[in-house]
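Structure first, then comments.
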Amino acid sequence: MEIRALAPDEADAVRDIRARAFGPLPDDVWARRSRLVRQAAEAGRQFAGFDGGAVVATGALLDMTQWWHGRAVSTAGVGAVTVAPEERGRGLGRRLMGDLLERCAGLGHSLAMLFPATTRLYRSLGWEHAGAWHHVDLSTEALRTIAAERVPVRRAGPGDAAEVAAVIARAHRTARDCGPVGWPEARWREHLGAPDGYHYLAEDGFLSYRWAEGNAGLEVARLVASSERTLRALWAIVGSGSSTAESVRACVSPMDPVLWLPREREHETVHRSQWMLRVVDAPAAIAARGFPAGVAAEVPLEIDDPQRSANSGRWHLEVKDGEGRLERSAATGADAVRLGPRGLAALYSGIPEPTLRRAGLLQGGNAEALAAAFAATPFSLDYF
């Protein structure tokens, strides 16, 4: 199999294999998705594996950032990974993912994120479960009763892409969020131009929703705000649909403030889709990540990363004043905390040290200080 980047005029070459892997793609659906495929191809980020001239595998590397404790880290979003049904079982998926991992490094990404169709393949290459895409079912009437002041809000469209991206970035930075994605302006223009979406922009907040269930329900794709006043005002807009929509399915953080705003909260239905993380460049990923300002830690690490040898070896990790450094160490490593790429990804994501140790993802040394330094509740507001 030869793996190479597709040219923009080859975008339609992936339609058939995507349909065979994920289901039929009607013309109107493909018209929207093909624009994203062409964007990826124009940036040299849409790849395909060829065998005898036929496309037998595909994958894309989306250009994005991911917020970690309020700091944006360069991340590749690995998406649209397919292998032709008749070619499965030949190891093509593993070869493709190995190639894409090296391309992530070549493109300068510190991290790689994906939503897995299968855990085994990605774990074998160093990815590990890190967070989730959460949806919670809320009562529209309960949202309507949230006390809110009016704030200046306007409808948003493709021409507002840069401002929307900036407002969302400020909200995640202010909240010191972990996990949500930051998209380039071009991606936001595409999203804001979708025919079934409704978008509202405030000075420090953004709301995106659509009608669902035959217009009997609402789906909130994103609602973020930097202030309580704006947060309440945007949820009040959603709640104002209570005369038509009985329920709202909202994509939110598991610690989203909206869960503490309604007058009643007895039980709720939560839907989760897990995502996985891979540390591509360990020193760069640590340097870019945010850490709690009042936490300090110094721990010797020994990393064994078969796929990314640049991550392997003995390291000295230091966290202080909200920043982290990972530097090469000449120490013997007798008291080092030992990690493979999966353990490193899980640690980076805030999985508690006792959990990692009992799961066999971390061994040796004294790692108690790492739990407070990397503490996080990772989430995503995007699926790709």
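The values are calculated or read from the model by the stated rules, or taken from the named source; none is laboratory data. What you see is a predicted model, and the numbers here were worked out from it, not measured in a lab. A quick note on method: Cβ atoms are made from the backbone with ideal geometry, for glycine too, and the neighbour counts reach across all protein chains shown. To get the accessible areas, we keep the full protein, side chains included, count just its heavy atoms, and leave off ligands, DNA and RNA. Shrake-Rupley method; radii C 1.70, N 1.55, O 1.52, S 1.80 Å.
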- Query: Does Leu301 qualify as being under 25 Å from the mean Cα position of the chain (by Cα) and either on the phi < 0 side of the Ramachandran plot or of a type in the set (D, E, K, R) (or both)?
  - Reply: no
- Residue identified as over 23 Å from Phe379 (Cα atoms), surrounded by fewer than 20 Cβ atoms within 10 Å (Cβ to Cβ) and touching a Lys or Arg at 6+ places or on another chain (Cβ under 6 Å) among Glu298, Glu327, Glu318: Glu318
- Message: Considering only the range 24-45, I want to know if a residue exists there that is surrounded by 17 or more Cβ atoms within 10 Å (Cβ to Cβ), among the aromatic types (Phe, Trp, Tyr), closer than 27 Å to Ile286 by Cα and out of contact with any Phe, Trp or Tyr (no Cβ under 8 Å at 6 or more places or on another chain).
- Response: no
- Query: Applying the selection to the range 1-23, what residues are open to solvent by 40 Å² or more (accessible area, probe 1.4 Å) and of a type in the set (Lys, Arg)?
  - Reply: Arg4, Arg15, Arg20
- Message: If I filter the range 353-384 down to residues being of a type in the set (Ser, Thr, Tyr) and outside any loop (DSSP other than H, G, I, E, B), which single residue comes out as surrounded by the most Cβ atoms within 10 Å (Cβ to Cβ)?
- Response: Ser380
- Counting just the residues of the range 122-154 that are assigned to a loop (DSSP other than H, G, I, E, B) and of a type in the set (A, V, I, L, M, F, W, C), which one comes out farthest from Ser240 (Cα to Cα)? Leu125
- Message: Given the options Gly343, Gly350, name the one that is small (Gly, Ala, Ser), on the phi > 0 side of the Ramachandran plot and either surrounded by 22 or more Cβ atoms within 10 Å (Cβ to Cβ) or part of a loop (DSSP other than H, G, I, E, B) (or both).
- Response: Gly350
- Item | Top-ranked residue in the range 214-255 [being outside any helix (DSSP H, G or I) and without any contact (Cβ under 8 Å) to a residue 24 or more places away in the chain; ranked as surrounded by the fewest Cβ atoms within 10 Å (Cβ to Cβ)] | Gly214
- Query: With Val295, Val258, Val279 as the choices, which residue is at pLDDT 95 or above and either more than 19 Å from Arg71 (Cα to Cα) or acidic (Asp, Glu) (or both)?
  - Reply: Val258
- With respect to Arg95, determine if the residue is in contact (Cβ under 8 Å) with a residue 60 or more places away in the chain, open to solvent by 40 Å² or more (accessible area, probe 1.4 Å) and not in a strand (DSSP E or B). yes
- Would it be correct to say that Gly108 is open to solvent by 10 Å² or more (accessible area, probe 1.4 Å), touching a helix residue (DSSP H, G or I) at 6+ places or on another chain (Cβ under 9 Å), over 15 Å from Thr58 (Cα atoms) and in a loop (DSSP other than H, G, I, E, B)? yes
